[in-house]
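Chemist: Have a look at this one.
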Amino acid sequence: TPPPGPLGESAVLPATGWDAVRRARSPQRPRATAYLDAYFTDRVAISGDRCGGTDPDGMLCGFGTHEGRTVAYAAQTGTATRPAGYRTAARLIRLADRLGIPVLTLVDTPGAANDAEAERQGAGSAIADLFAAVAGVRTPVTTLVIGEGGSGGALALAAPGNTWATPDSYFSVIAPELAAAILKRPPREVEATADQLRIRPQDLVELGVIRGTVGG
């Protein structure tokens, strides 16, 4: 079953890779709270990674009620996710697994936080642990990419074989600007690079990266 559909975003799939990036970065498109409010009749948040850290601005985690059933959620908010956010999500997913509760994850981040403080807080190990949690649980995990799906910071929340995307999203191993810089291309070639990365939702379906698009 596909995850909750889009809330007001265009159902037309992006024409180009750069169009997908532009739409994913638009301040007008719905964010995680809009999806969670529409999907759940009520929800209770959990906070903290049990290591003394929190990431309230980057990751929303908790349990909600959908059509009378309890569902756990871990949702990125569109900012760079910090290590505590990844650890909180891993904690939630493992708890849901023990309780036999399905999990919904929403992907929306330009990537993991990579500043000095994030490195001191163990960004790499936190992301790796979330990968392990998502891959290792027995309870169903469903993922919806609702905006930017940047690099491993987004992939860590993606359910193997059960990831979907809205028309206002992209999913990529690297941002087009960074890819162009690594390839020593001038700024004018960033948009062409976005096309070559094949990051549009319909490209991802064709490549077998995601199961399908929601609303497109």
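The values are calculated or read from the model by the stated rules, or taken from the named source; none is laboratory data. Every value quoted in this text rests on a predicted model; they were computed, and no experiment measured them. Ideal geometry is used to build each Cβ from the backbone, glycine not excepted, and the neighbour counts take in all protein chains shown. Each accessible area value is taken on the protein alone, full model and side chains, heavy atoms only, with ligands, DNA and RNA left out. Shrake-Rupley method; radii C 1.70, N 1.55, O 1.52, S 1.80 Å.
Chemist: What shape does the range 84-168 take by its C-alpha gyration tensor, where a ≥ b ≥ c are the square roots of the eigenvalues and a/c under 1.5 counts as rounded, a/b above b/c as prolate, and the rest as oblate? Don't skip to the end; give the middle numbers.
Modeler: Numbers: a/c = 2.38, a/b = 1.18, b/c = 2.01.
It comes out oblate by the Cα gyration axes.
Chemist: Could you derive backbone 3J(HN,Hα) for the range 43-51 from the dihedral phi with the Karplus parameters 6.51, -1.76 and 1.60 (θ = phi - 60°), listing whole Hz in sequence and x where the residue is Gly or Pro?
Modeler: Once θ is set to phi - 60°, the couplings for the range 43-51 become 8, 10, 7, 10, 9, x, 9, 6, 10 Hz.
Chemist: For residue 60, what is the net charge nearby, where nearby means another residue's Cβ is under 15 Å from its Cβ and Lys, Arg count +1, Asp, Glu -1?
Modeler: Neighbourhood net charge equals -1.
Chemist: Quick one: accessible area per residue over the chain, 1.4 Å probe, rounded to a whole number of Å²?
Modeler: Numbers: 9730 Å² over 216 residues.
Solvent-accessible surface per residue comes out at 45 Å².
Chemist: Something else now. Filter the trypsin sites (Lys or Arg not before Pro) in the range 126-206 down to the DSSP loop ones having no more than 10 other Cβ atoms within 10 Å, then list what survives. Each step should come with its number before you reach the end.
Modeler: Numbers: sites: 138, 184, 188, 198; in loops: 138, 184, 198.
Here the sparse-neighbourhood loop sites are 138, 184.
Chemist: I would also like to ask the following. Please list, in chain and number order, the residues 5+ apart from residue 105 or on another chain whose amide H is under 5 Å from its amide H, with Hs placed from the backbone.
Modeler: Residues meeting the criterion, in which the H sits 1.01 Å from N, are 74, 142, 143, 144.
Chemist: Suppose R0 equals 30 Å; then what is the FRET efficiency for residue 183 and residue 135 from their Cβ-Cβ distance, rounded to the nearest 0.05? Walk me through the intermediate numbers first.
Modeler: Details: r = 31 Å, r/R0 = 1.04.
Taking R0 as 30 Å, the efficiency between residue 183 and residue 135 is 0.45.
Chemist: Please state the shape class of the range 113-216: rounded when a/c is under 1.5, otherwise prolate if a/b exceeds b/c and oblate if not, all from the C-alpha gyration tensor. Can you show the working numbers first?
Modeler: Working: a/c = 2.57, a/b = 1.13, b/c = 2.29.
In terms of gyration-tensor shape, oblate.
Chemist: Here's something else I'd like to know. Across the range 197-214, in residue order, what do the Karplus-derived ³J(HN,Hα) couplings come to in whole Hz, using 6.51 cos²θ - 1.76 cosθ + 1.60 with θ = phi - 60° and x for Gly and Pro?
Modeler: 6, 6, 9, 5, x, 5, 5, 5, 5, 4, 7, x, 6, 10, 6, x, 9, 10
Chemist: I would also like to ask the following. Given 37 °C and 0.692 mPa s, compute D for the chain with the Stokes-Einstein relation, Rh being the Kirkwood radius over Cα pairs; round to the nearest whole µm²/s.
Modeler: Approximately 191 µm²/s, per Stokes-Einstein.
Chemist: Same structure, new question: In the chain, if the dipole is taken from +1 on Lys/Arg beta carbons and -1 on Asp/Glu beta carbons about the Cα centre, which of 99, 30, 79 is farthest to the positive end?
Modeler: After comparing all options, I get 99.
Chemist: In addition: Quick one: Karplus J couplings for the range 138-148, per residue in order, coefficients 6.51, -1.76, 1.60, θ = phi - 60°, nearest Hz, x for Gly and Pro?
Modeler: Once θ is set to phi - 60°, the couplings for the range 138-148 become 8, 6, x, 10, 10, 10, 10, 7, 10, x, 7 Hz.
Chemist: Now a separate question. Would you work out the relative contact order for the chain, in percent, from Cα pairs under 8 angstrom that are 6 or more residues apart? All intermediate terms of the calculation are to be shown ahead of the outcome.
Modeler: Working: 480 pairs, mean separation 50.6, N = 216.
After rounding, I find 23 percent.
Chemist: Residues with beta-carbon under 15 Å from that of residue 102, excluding residue 102: net charge, scoring Lys, Arg +1 and Asp, Glu -1? Let's see the in-between values first.
Modeler: Values: positive: 43, 69, 94, 98, 138; negative: 67, 97.
Net charge around residue 102: +3.
Chemist: Moving to a separate point now. So, with a 1.4 angstrom probe, what is the percent of accessible area on the range 101-157 that is carbon and sulfur?
Modeler: On the way: 1110 of 2000 Å².
Ligands and nucleic acids excluded, carbon and sulfur reach 55 percent.
Chemist: Shifting gears a bit: In debye, nearest 20: dipole of the chain around its Cα centre with unit charges on the Cβ of K, R (+) and D, E (-)?
Modeler: Working: 21 positive and 22 negative charges, 69 e Å.
Using only the charged Cβ atoms, the result is roughly 320 debye.
Chemist: Go ahead and estimate [θ] at 222 nm for the chain from helices alone: -39,500 (n - 2.57) per DSSP H run with n ≥ 4, summed, over the residue count, rounded to 500. Write down the numbers at each step before the final one.
Modeler: On the way: 9 runs with 79 residues, N = 216.
So the helix-based figure for the chain works out to -10000 deg cm²/dmol.
Chemist: Another one. Give me the one-decimal nm value for the distance between modelled label points at residue 191 and residue 42, 7 Å along each residue's Cα-to-Cβ direction.
Modeler: Spacing of the two 7 Å Cα→Cβ label points: 5.0 nm.
Chemist: Give me the number: length gained by fully extending residue 67 to residue 28, i.e. 0.36 nm times residue separation minus the C-alpha to C-alpha distance, one decimal in nm.
Modeler: Working: separation 39, 0.36 × 39 = 14.04 nm, distance 2.82 nm.
Result: 11.2 nm gained on full extension.
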